[in-house]
1. What are the residues in region 5-29 that are modelled with pLDDT of 95 or more and part of a loop (DSSP other than H, G, I, E, B), if any?
2. Checking the structure you have, find out if any residue of region 35-49 is open to solvent by 90 Å² or more (accessible area, probe 1.4 Å), within 14 Å of His9 (Cα to Cα) and assigned to a helix (DSSP H, G or I).
3. Do the conditions hold for Glu61, that is, is it under 10 Å from the mean Cα position of the chain (by Cα) and either surrounded by 12 or more Cβ atoms within 10 Å (Cβ to Cβ) or assigned to a helix (DSSP H, G or I) (or both)?
Amino acid sequence: MAANVFDEHDGRVRLITAIAMEVKALTLSESGDETVSMSDPDAEKLVYARAYQAWADCKIEGTADDIYEAIQEALDV
């Protein structure tokens, strides 16, 4: 059961990371193996808005708290 919870969280973080890259809140490092924050507050707001909209549209599963935690982890806040 614990592995399933971890997998669900990891999936949320991956989806939200993709959203963050799409709105340019994150970018790939020069080496291409990790994401780097663009330190753009407006882009970060878009990540929150789009992630919660995806949650409302049932594209991301979990509770509101799960989504918030995944956003925080994706943005490395």
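The values are calculated or read from the model by the stated rules, or taken from the named source; none is laboratory data. Just so it is clear, the model here is predicted, and its values are computed rather than measured. Using ideal geometry, Cβ is built from the backbone for each residue, glycine included, and neighbour counts are taken over all protein chains shown. Protein only, heavy atoms only, side chains kept; ligands, DNA and RNA dropped before computing areas. Shrake-Rupley method; radii C 1.70, N 1.55, O 1.52, S 1.80 Å.
1. Val23, Lys24, Ala25
2. We begin by selecting, within region 35-49, every residue open to solvent by 90 Å² or more (accessible area, probe 1.4 Å); these are 38-39, 42, 45.
If we keep only those that are within 14 Å of His9 (Cα to Cα) too, we end up with none.
Checked region 35-49: no residue is open to solvent by 90 Å² or more (accessible area, probe 1.4 Å), within 14 Å of His9 (Cα to Cα) and assigned to a helix (DSSP H, G or I).
3. Values: under 10 Å from the mean Cα position of the chain (by Cα): no; either surrounded by 12 or more Cβ atoms within 10 Å (Cβ to Cβ) or assigned to a helix (DSSP H, G or I) (or both): yes.
When the stated conditions are applied, Glu61 does not pass them.
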